[in-house]
Amino acid sequence: MSLANPELDAVLSRVSSLPTPAKVYEQVTAMLADPKTAAKDVAEVVSADQSITARLLKMVNSPFYGFAEQVTTVSRAITIIGFEALRNLILASSLMELFTGGSHRPMFSLETLWAHSLATGVAARAIAKRTGHAADGEEYLVAGLMHDVGKAVLLQYFPEKVDAILQRVLAQGCLFSEAERVVLGSDHTVIGAAVAEQWRLPAVLRDSIACHHTPLQAEDPLRASTIHLADILARALLFGSGGDQTMPSLDRAGYDLLHLNDEKLQQIMAEVNRGLTKENLAILA
Amino acid sequence: MAILILAELKPGMRLVRGVVSPQGVLLAHPGEELTEKQIRLFKMWGVADAEIMDTAPRGAEASDLKPHTFDSLADEIDFIFDRELDDAVMYRIAGLAKDLVAQRGRPR
């Protein structure tokens with residue numbers, strides 16, 4: 001698109017100067033590229049960042065993982081969940097560190113957004129597992145957690161734009177993304193994809209952030225359709241809020257790619273509903 | 001006057017220009033007042049937007065606008081699914097969600 005859009009340019013310019021995720025994420029990513037890397041070396045690097053370590057252990061010990069024993073060290077966490085899951089959790093942890101507080105708007109704040117994002121992640125993981133597309137679904141948990149990162153940028157850095165968007169959402173009863181397109185000439189999927197670029201996140205993650213409302217346009221439509229449905233299920237079960245009170249339309253072709261039957265849909269929704277208790281949502285605190 | 005996307009169109013709004021489908025079929029005339037049925041028709045024909053008169057929420061400021069509140073979680077689910085219930089899968093998801101939240105309450 002070549003049309004001038006100063007509103008979007010201002011947001012994207014802010015994205016280009018966003019703080020990067022915790023340094024430890026880049027360090028671990030670099031270490032994992034080397035097949036000779038030992039678990040204890042990774043544990044040492046991660047443990048040096050106390051706030052990330054604390055959040056990481058909180059997540060690993062949450063009922064989402066359901067380990068019988070208490071995990072108290074990073075090296076033990078690596079043994080149990082593996083390098084890749086650890087890296088994903090570091091990314092999710094550092095993201096939550098970056099976007100905290102912010103302003104509270106009617107029905108919308110970083111708190112409600114993270115609750116919605118976590119629910120989307122849990123739903124995405126449940127879908128991936130039940131459809132057999134991913135054995136542990138860990139990547140899907142993170143993809144769900146990050147799908148609305150573009151909205152987090154708006155909440156943190158552009159509260160006045162959020163106000164204009166919410167005004168439209170409430171007056172017209174439309175989706176947040178529809179109001180974004182009127183106010184910004186673009187939406188959070190574009191902003192989120194720019195964040196993913198800026199942070200050099202894996203291409204699959206950028207793809208599902210960019211296409212969670214238009215899964216068939218994704219390079220990996222199956223993965224994007226998983227996040228698309230997960231977003232709808234999180235909304236349906238009333239976990240958190242993405243800043244509106246309506247539903248995006250279901251992309252039926254994307255949904256069909258998942259080959260879900262009614263029984264699986266029921267199981268997935270029940271699993272998400274069970275998993276998202278007050279106690280579990282406390283990992284967001 | 002403003003161009004509104006399909007989801008923002010409401011019954012009672014008045015069209016500035018006629019609405020033509022991507023296939024070139026005239027679906028509504030300039031000056032016409034929109035009805036619920038016409039908006040559904042636009043959706044079926046794949047109309048993306050329409051230009052309408054006087055779209056600003058009259059006198060509404062952000063602070064005046066409050067989210068909808070609901071008597072029950074089931075009412076909230078019905079409300080948020082309102083425009084998607086024609087889709088059989090969405091209808092099923094709404095039904096399942098109502099059963100599940102009834103057992104659970106709100107976890108926020």
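Tabulated data
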| read-out | value |
| --- | --- |
| Assigned charges on the beta-carbon of Lys, Arg, Asp, Glu; chain A dipole about Cα centre (debye) | 400 |
| Rg to Rh, two decimals, where segment A:61-130 supplies the alpha carbon set and Rh follows Kirkwood | 1.03 |
| Peptide ranges A:142-155, A:62-75 listed from the most packed, as the mean C-beta count within 10 angstrom indicates | A:142-155, A:62-75 |
| Inter-probe distance in nm under a simple model that places probes 7 Å from Cα toward Cβ, at B:PHE70 and A:PHE83 | 4.6 |
| Sequence-distant lysines (8 or more away, or on other chains) whose Cα lies within less than 25 Å of A:LYS36 | A:LYS23 |
| Segment A:160-224: Cα Rg divided by the 2.2 N^0.38 Å rule of thumb | 1.23 |
| Distance (nanometres) between label positions extended 7 Å along Cα→Cβ at A:HIS104 and A:ARG274 | 3.4 |
| Loop sites in segment A:18-116: trypsin sites (Lys or Arg not before Pro), DSSP, at most 15 other Cβ within 10 Å | A:LYS36 |
| Most mobile listed residue (A:PRO35, A:PRO215, A:PRO159) in chain A, GNM with C-alpha springs under 10 Å | A:PRO35 |
| Of the DSSP H helices in chain B, those whose Cα atoms cover at least 20 Å axially and whose Kyte score averages -1.0 or more | B:88-104 |
| DSSP-loop trypsin sites (Lys or Arg not before Pro) across segment A:205-248, with at most 13 other Cβ within 10 angstrom | none |
| For segment A:159-285, the fraction of alpha-carbon pairs in successive 5 Å shells from zero, as % | 2, 10, 16, 18, 21, 19, 11, 3, 0 |
| Check: segment A:105-229 dipole with +1 on Lys, Arg Cβ and -1 on Asp, Glu Cβ, in debye | 160 |
| Those lysines that a straight Cα-Cα span of less than 27 Å connects to A:LYS264, excepting residues fewer than 8 apart in one chain | A:LYS129, A:LYS278, B:LYS98 |
| Theoretical ellipticity at 222 nm over the protein assembly as shown - DSSP helices of four or more residues, -39500 (n - 2.57) apiece, nearest 500 | -17000 deg cm²/dmol |
| Under 12 Å from the Cα of A:LYS58 - aspartates and glutamates, other chains or at least 8 residues apart | A:GLU279 |
| Sites A:ASN261 and A:SER16, calculated FRET efficiency, Cβ-Cβ separation with R0 56 Å, nearest 0.05 | 0.80 |
| Candidates A:ALA85, A:ALA230, A:ALA54: whichever shows maximal mean-square fluctuation once chain A is modelled as a Gaussian network with Cα springs under 10 Å | A:ALA54 |
| Longest to shortest principal axis, alpha-carbon extents of chain A, angstrom | 53, 46, 34 |
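Every number here is computed from the coordinates shown, using simple stated rules; none is lab data. Small disclaimer: the values here were computed from a predicted structure and weren't measured. Note that we place each Cβ from the backbone using ideal geometry, even for glycine, and neighbour counts take in every protein chain shown.
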